[in-house]
Amino acid sequence: DWTPQSFVEETVEALQEKIGNDKVVLGLSGGVDSSVAAILLHKAIGTNLYCIFVNNGLLRKNEYDSVLAQYEGMGLNVKGVDASARFLDALAGLSDPELKRKAIGRVFIEVFDDEAHQIKDVKWLAQGTIYPDVIESVSATGSPSATIKSHHNVGGLPDFMKLKVVEPLKALFKDEVRRVGASMDMDQAILGRHPFPGPGLAIRILGDITAEKVRILQEVDAVFIDNLKSWNLYDKVWQAGAILLPVNSVGVMGDERTYEKCVALRAVESTDGMTADWVNLPYEFLQKTSNEIINKVKGVNRVVYDISSKPPATIEWE
Ligand code: XMP
């Protein structure tokens, strides 16, 4: 029978067998999957695991510094690389969701490759790919036109890196990954973290990306997530976030007419992200959160709540 303990034991042994004394590089994302993969590899090969955590400038507010500190606290050999400006440059003027994903995937590989080349004699690339990533990225027919969304963290290894790939979580669903992490005493702050897409806020800013839009969305998202936590709702929700709509609407502040941005809030229940239902958040919570967003975040005068399920909608808007 499958248990997290037996999975850890067998995987650590298999990793040692497979990797031997080779060096491995792994990109940490701040999420559960790459973090659990890192801890498994750390158990198996210790300091031969080199972790890289890239700031693409599209993370949640303050997430880069706090997550980097958490990784260091876990004893991982991790290097933080702030490449925010490079990502923003590459995204300038792009509005199409798949083009944004491609640009981010490309810059990520460039930055990661620069860093990986600085590790002498590295032989392996480890990834935190889980089962749903594999099936959502490859359509039934295998034809790219039928791909729903190209999750950039799957299979995107360029030939020039010449690294062998190791993906210890490839057969697991998200809840199993969390159970594996818990069995290795990982911090709840990482294990309980909602899934967050690799392209980050870029696919929650509909249309083109600017530094100002990223700032607005980070502020809105922080109010929403902080409130979910303080109302004890965070752990009851599978994933939540805010979306910046490419829409201005008329409002009134004091005696002044405003013409500002509208944001959508999204919170879903799910087990694997393949299907999802919107969460029936308390009206009082929505009321308080909406007021707080509009009062605190300059540039936003309207908040709506997304009540669509997947399918036929998807979790992200892009
Ligand atoms: P959708 O929007 O397809 O999302 O219902 C399902 C899950 O996948 C995440 N997601 C992504 N993750 N790169 C990622 O790493 C991506 O391009 C991407 N697009 C969606 C989404 O946040 C949800 O958890």
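General observations
- Most fluctuating residue given options Met186, Met74, Met253, as computed from a GNM of the chain linking Cα atoms under 10 Å: Met253
- Among Val78, Val247, Val223: highest mean-square fluctuation, GNM of the chain, C-alpha pairs under 10 Å: Val247
- Our compactness index for region 204-305, the C-alpha radius of gyration over the empirical 2.2 N^0.38 Å, is 1.10.
- Protection proxy ranking, highest mean first, for peptides 83-92, 237-246: 237-246, 83-92, where packing is the per-residue count of other beta-carbon atoms within 10 Å, averaged.
- Over every Cα atom in region 4-191, the radius of gyration and the widest Cα-Cα span, Dmax, amount to 16.4, 49 Å.
- In the chain, the DSSP beta bridges split such that about 40 percent are antiparallel, to the nearest 5.
- Furthest towards positive pole of dipole, Thr11, Ala276, Val252, structure part the chain, Cβ charges: Val252
- Top of Lys120, Lys100, Lys61 by mean-square fluctuation, Gaussian network on the chain, Cα under 10 Å: Lys120
- Local net charge near Val54, Cβ-Cβ under 9 Å (Lys/Arg +1, Asp/Glu -1): -2
- Among the trypsin sites (Lys or Arg not before Pro) within region 213-308, those in coil by DSSP and having at most 16 neighbouring Cβ atoms inside 10 Å are Lys298.
- The residues packed around Ser309, meaning those with a beta-carbon under 11 Å from its beta-carbon, carry a net charge of -2 if Lys and Arg are +1 and Asp and Glu are -1.
- For the chain, the Cα-based Rg and Dmax, in that order, read 20.1, 71 Å.
- Per DSSP, loop chymotrypsin sites (Phe, Trp or Tyr not before Pro) in region 241-318 with at most 13 further Cβ within 10 Å: none
Read the figures in this text as sums done on the coordinates, not as results from a lab. What you see is a predicted model, and the numbers here were worked out from it, not measured in a lab. As a convention, Cβ positions derive from the backbone with ideal geometry for all residues, glycine included, and neighbour counts pool all protein chains shown.
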